[in-house]
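Beneath this line is the structure, given in structure tokens, with notes to follow.
The values are calculated or read from the model by the stated rules, or taken from the named source; none is laboratory data. Since the structure is predicted, the reported quantities are computational estimates derived from the model, not experimental observations. Don't worry about glycine lacking a Cβ; one is built from the backbone with ideal geometry, like all the others, and counts go over all protein chains shown.
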Amino acid sequence: MLNPGATQPNSVLSRDFVRAWFTNGKAPRLPSALDEHTRERLGLEVARSIEHQHVIPILSRLMRLRGRRAFIRSDHSTEFAADPVIG
């Protein structure tokens, strides 16, 4: 499949991680979801640790609330590239 651009709202969901630095020097990775057309941040999860088992319920909740997307774009981090998430 080609790498489509977002031509309308809710067409392409982009998943990635953002970082936040705390005063204690720790910098957790926070999974986020973005509508590529509107640039609206649809979700940002905060937890001590995020693994692929946590990504599936996050994406499922977004799909229930906002509907399925024609395309989901993601980086290749192990949390997003794990077989259960892609499957």
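Overview of results
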| read-out | value |
| --- | --- |
| Residue match in region 58-74 (condition: at pLDDT below 80, touching a Pro at 6+ places or on another chain (Cβ under 6 Å), not hydroxyl-bearing (Ser, Thr, Tyr) and not in a loop (DSSP other than H, G, I, E, B)) | yes |
| Options Ser49, Ser32; residue that is hydroxyl-bearing (Ser, Thr, Tyr), at pLDDT below 85 and assigned to a loop (DSSP other than H, G, I, E, B) | Ser49 |
| Residue check for His37: touching a residue at least 12 places away in the same chain (Cβ under 8 Å), touching a helix residue (DSSP H, G or I) at 6+ places or on another chain (Cβ under 7 Å) and not aliphatic (A, V, I, L, M) | no |
| Test set (1) more than 17 Å from Arg73 (Cα to Cα); (2) loosely packed, with under 12 Cβ neighbours inside 10 Å - Ser60 fails condition number | (1) |
| Close pairs (9 angstrom Cβ cut-off, 6 or more residues apart or separate chains): touching a residue at least 40 places away in the same chain (Cβ under 8 Å) and among the acidic types (Asp, Glu) in region 12-24, surrounded by 15 or more Cβ atoms within 10 Å (Cβ to Cβ) and not in a strand (DSSP E or B) anywhere | Asp16/Ser77; Asp16/Phe80 |
| Residue count, region 3-29 (criterion: assigned to a loop (DSSP other than H, G, I, E, B), hydroxyl-bearing (Ser, Thr, Tyr) and closer than 18 Å to Gly67 by Cβ) | 2 |
